[in-house]
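In what follows, a single structure is set out as structure tokens and then discussed.
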Amino acid sequence: MKEKAIQNKIVQYLKQQPNTWFFKTHGGMYQVAGIPDLILCYMGHFVALEIKRPGEKPTKLQEKVLKDIQEAGGISVVVHSLLDVKSVLDTLTKEG
């Protein structure tokens, strides 16, 4: 499955979630490199999702940005499927 198809499934799911705001970033010359694919505010938590096809890993720059977000107190995760996203959000829901 292509990364775009995974992202589309995730976006459709997020649109249905209460207490959720998200922004889909668009790569290209007008965007800062390394920014995660989806930026969310979920139940008051700042969450950044880097979407990758199964078996793929983030670039060094993407890894650095994800680490920087964590060090700033946000949550940043590499996800490979909608199931991964559901798991992250379920954990946040349980933690409050």
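Bear in mind these aren't lab numbers, they're just calculated from the coordinates by the rules spelled out. Not measured: the values here are computed from a predicted model. Reconstructed Cβ throughout: ideal geometry from the backbone, glycine too, with neighbour counts over all protein chains shown.
Fewest neighbouring Cβ atoms within 10 Å first, the residues His80, His26 line up as His26, His80. Extension gain for Thr91 to Asp68 (0.36 nm times residue separation, less C-alpha to C-alpha distance): 6.2 nm. GNM remark for the chain: springs join alpha carbons under 10 Å apart, and the peak mean-square fluctuation among Leu40, Leu82, Leu61 falls on Leu61. The percentage of C-alpha pairs in the chain whose separation is greater than 22 Å is 23%.
Restricting attention to the chain, close to 65% of DSSP beta bridges with both partner residues there are antiparallel.
Both the radius of gyration and Dmax for the range 1-53 are 11.5, 33 Å, in that order, over alpha-carbon atoms.
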